[in-house]
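Some notes on the structure that comes next.
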Amino acid sequence: MPDLPLLTVQALRSLTRAGNPPFGGIYVLRKISQRTAKNENVFLVVEFGDRTGSFGTTIFGDSAAFAAVKSLAEGSVVRVEGKLDYFQERLSPKLQRIEPVNPEEIAANPALLDSLVESAPEESNALWADFQSHIAALQQPELRATVQAVFEEIGEVFRTSAAAVAMHHAYRNGLLEHTTHMARACRALLPLYPEVHADLALAGILLHDIGKTIEYESGLTVRKSRRGLLQGHVVLGYQLARKHGLKNKLPADLLERLEHIILSHQGELEWGAAVMAATPEAVFVSMVDNLDAKMGMVQRALRNAGETDEFSEYLPGLKAPVLVRPPLA
């Protein structure tokens, strides 16, 4: 490949659009799907990304990059060269050449691997210590024992798992970040709502997404596991909570209410909730979940914005782009 500067996705977004400047980069192939146009021509819709963000583009059958991309699997690391371009105000470079990076080169270069994997901005050990303090804050003994037992079974995977494939906190340590932020919000808001059982709400938050540790398989990309596809994280989380609630002799009424929080936390049936929230604690948890999910989208858009951007790209979870420039003093 020609000697082009290797740019991160964030640096790519900061390039001046005039003249469609050429660029190079090393990215992860996050998603690839083949589609057919109305004229029967085949094209690929792909997403590439690194630690600083991602971009999508379309590769048509007459492109030199088509055959190279079609032969690759999701999660492949590639060197690309192309020209900057936008489509409907979304970054959509015209890719001209794509070459896979040798796995041995990746394994021998920890800095390269680190540059490719997006992770939570907060340091993971600090997040984990904070998270454990929320477990310790639970006053009801059987409830605290139930929560502790769930995390003892899940182990290290909770600390590294993503919270989603694409929508919110969809990166390494994202699930830990999302749950810890929810716990902080929960304890700040509880004094406003004395009708909410504090221990039950906090325990529900700590466990609400625990099924995602089984639902997702994380590496250079995040994808759903077999059990994730067949059962989903709501059911998987319910099963874990029930198993350890029974083992730790959690009173039947508390166990039923804890299970209900997990089954209803998605907020709407069309969003994946098994039932609608029908207890004070379940309503509270679903609202805190929705708040942090949406603010997580905003925070990521702000982190990944290019220097010249005024708005982020359209965010499906918000049904709008986000203004990324700070308010004027």
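Only the coordinates and a few stated rules stand behind these numbers; no lab work does. These numbers come from a predicted model, not from an experiment. Here the Cβ is made from the backbone with ideal geometry for all residues, glycine too, and neighbour counts use every protein chain on show.
A compact table of results
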{"read-out": "Computed [θ] at 222 nm, helices only, for the chain once each DSSP H run of length n ≥ 4 contributes -39500 (n - 2.57)", "value": "-12500 deg cm²/dmol"}
{"read-out": "Average Cα contact separation per residue, segment 216-307, under 8 Å, 6 or more apart, as relative contact order %", "value": "18"}
{"read-out": "Ranked by how many other beta carbons lie within 10 Å on average, peptides 105-112, 151-158, 308-315 from highest", "value": "308-315, 151-158, 105-112"}
{"read-out": "Tensor-based shape of segment 124-304 (alpha-carbon gyration tensor, a/c under 1.5 rounded, otherwise prolate or oblate)", "value": "rounded"}
{"read-out": "Span-rule helices in the chain, defined as complete DSSP H runs reaching 30 Å or more along the axis (Cα) with Kyte mean at least 1.6", "value": "none"}
{"read-out": "Within the chain: Cβ-based charge dipole about Cα centre, in debye rounded to nearest 20 (Lys, Arg +1; Asp, Glu -1)", "value": "480"}
{"read-out": "Efficiency of FRET from Cβ geometry, residue 107 and residue 87, R₀ 41 Å, rounded to 0.05", "value": "0.70"}
{"read-out": "Lys/Arg +1, Asp/Glu -1 at C-beta; segment 9-116 dipole; positive extreme among 45, 101, 76", "value": "45"}
{"read-out": "Only Lys, Arg (+1) and Asp, Glu (-1) charged, at Cβ; segment 157-257 dipole about Cα centre in debye", "value": "400"}
{"read-out": "15 Å Cα cut-off, lysine pairs counted over the chain (separation 8 or more, or different chains)", "value": "5"}
{"read-out": "Highest-first arrangement of 66-78, 197-209, where packing means the average Cβ count within 10 Å", "value": "197-209, 66-78"}
{"read-out": "Equivalent ellipsoid dimensions for segment 9-116 as semi-axes, Å, which come from the Cα gyration tensor, largest first", "value": "22, 18, 11"}
{"read-out": "Contact order normalised by residue count of the chain, Cα under 8 Å, 6+ apart, percent", "value": "14"}
{"read-out": "Positive-end extreme of charge dipole, the chain - chosen from 6, 134, 296 (charges on Cβ)", "value": "6"}
{"read-out": "Lys/Arg +1, Asp/Glu -1 at C-beta; segment 201-249 dipole; positive extreme among 225, 248, 237", "value": "248"}
